1. Just to be sure, is residue 72 charged (D, E, K, R) and exposed (fewer than 12 other Cβ atoms within 10 Å of the Cβ)?
2. Which is without any contact (Cβ under 8 Å) to a residue 40 or more places away in the chain and not in a helix (DSSP H, G or I), of 56, 41?
3. Is it the case, given these coordinates, that residue 105 is of a type in the set (A, V, I, L, M, F, W, C) and in contact (Cβ under 8 Å) with a residue 60 or more places away in the chain?
4. List pairs: first in the range 1-25 and part of a helix (DSSP H, G or I), second surrounded by 13 or more Cβ atoms within 10 Å (Cβ to Cβ) and small (Gly, Ala, Ser), Cβ under 7 Å, 6+ apart or cross-chain?
5. Is it true that residue 12 is over 22 Å from residue 111 (Cβ atoms) and not hydrophobic (A, V, I, L, M, F, W, C)?
6. Could you count how many residues in the range 114-145 are under 21 Å from the mean Cα position of the chain (by Cα) and either of a type in the set (A, V, I, L, M, F, W, C) or surrounded by 11 or more Cβ atoms within 10 Å (Cβ to Cβ) (or both)?
7. Do you know which residues across the range 75-94 are surrounded by 13 or more Cβ atoms within 10 Å (Cβ to Cβ) and either hydroxyl-bearing (Ser, Thr, Tyr) or part of a loop (DSSP other than H, G, I, E, B) (or both)?
Amino acid sequence: MVTSDDHGGLVTALKKQFQGASWQRCQTHFSRNLLEHTPKAQQPQLKEDIREVYEATDMVSARMAKERLMHEYEKNAPKAMQILDETFDDIMAVMALPLKYRKRLRTTNGVERLNQEVRRRERVIRIFPNEASVIRLLGSLLMEQDDRWSSGRKYLDMERLGEEEVEEKKIVTVA
């Protein structure tokens with residue numbers, strides 16, 4: 001699964017280069033886009049109400065929340081509701097994952113935080129003497145981040161993903 005904003009070139013490249021991977025549209029970016037097509041008076045409430053769709057535990061309840069939302073805002077924000085209806089599958093692709101992974105993978109927050117840290121460290125140096133020094137700095141930063149994400153309190157504990165998939169298959173087989 002790849003999570004990104006709705007940049008046309010990026011989405012096209014993902015489909016071409018990572019065939020078979022699913023694409024999750026960043027829910028934070030989507031919310032901002034949705035609110036741009038909503039009257040100012042309705043924006044605070046819609047921002048709160050869209051959370052019900054995002055926090056649904058399964059696709060059935062997510063679709064029900066979407067339908068309630070569309071019914072409530074169809075008169076005051078028709079363009080926003082059209083966008084929600086057309087892009088619903090993109091913003092809810094994360095529902096294919098086990099519940100414990102959804103919160104981390106539904107937005108681009110992790111990648112954006114890493115990019116901020118790269119920029120913060122790069123600003124201190126400002127001018128690099130050569131390409132090798134850039135690679136050393138970024139390499140050490142990325143290794144440090146990898147250590148942080150893979151030891152201690154893990155950002156994503158993917159070791160149990162395979163076990164959970166086996167358990168889910170057993171549950172589906174039994175049911």
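The values are calculated or read from the model by the stated rules, or taken from the named source; none is laboratory data. Here the structure is a predicted model, which is why all the values come from computation and not from measurement. Don't worry about glycine lacking a Cβ; one is built from the backbone with ideal geometry, like all the others, and counts go over all protein chains shown.
1. For residue 72, the condition - charged (D, E, K, R) and exposed (fewer than 12 other Cβ atoms within 10 Å of the Cβ) - is not met.
2. 56
3. yes
4. 10/4
5. no
6. Here the count works out to 6.
7. 76, 77, 87, 92
To keep it simple, each residue is scored yes or no on (1) assigned by TED's automatic domain parsing to the domain that holds residue 54; (2) of a type in the set (Lys, Arg); (3) under 19 Å from residue 4 (Cα atoms); (4) free of Cβ contacts under 8 Å to residues at least 24 places away in the same chain.
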{"site": "87", "(1), (2), (3), (4)": "yes, no, yes, no"}
{"site": "90", "(1), (2), (3), (4)": "yes, no, yes, no"}
{"site": "121", "(1), (2), (3), (4)": "no, yes, no, yes"}
{"site": "131", "(1), (2), (3), (4)": "no, no, no, yes"}
{"site": "134", "(1), (2), (3), (4)": "no, no, no, yes"}
{"site": "139", "(1), (2), (3), (4)": "no, no, no, yes"}
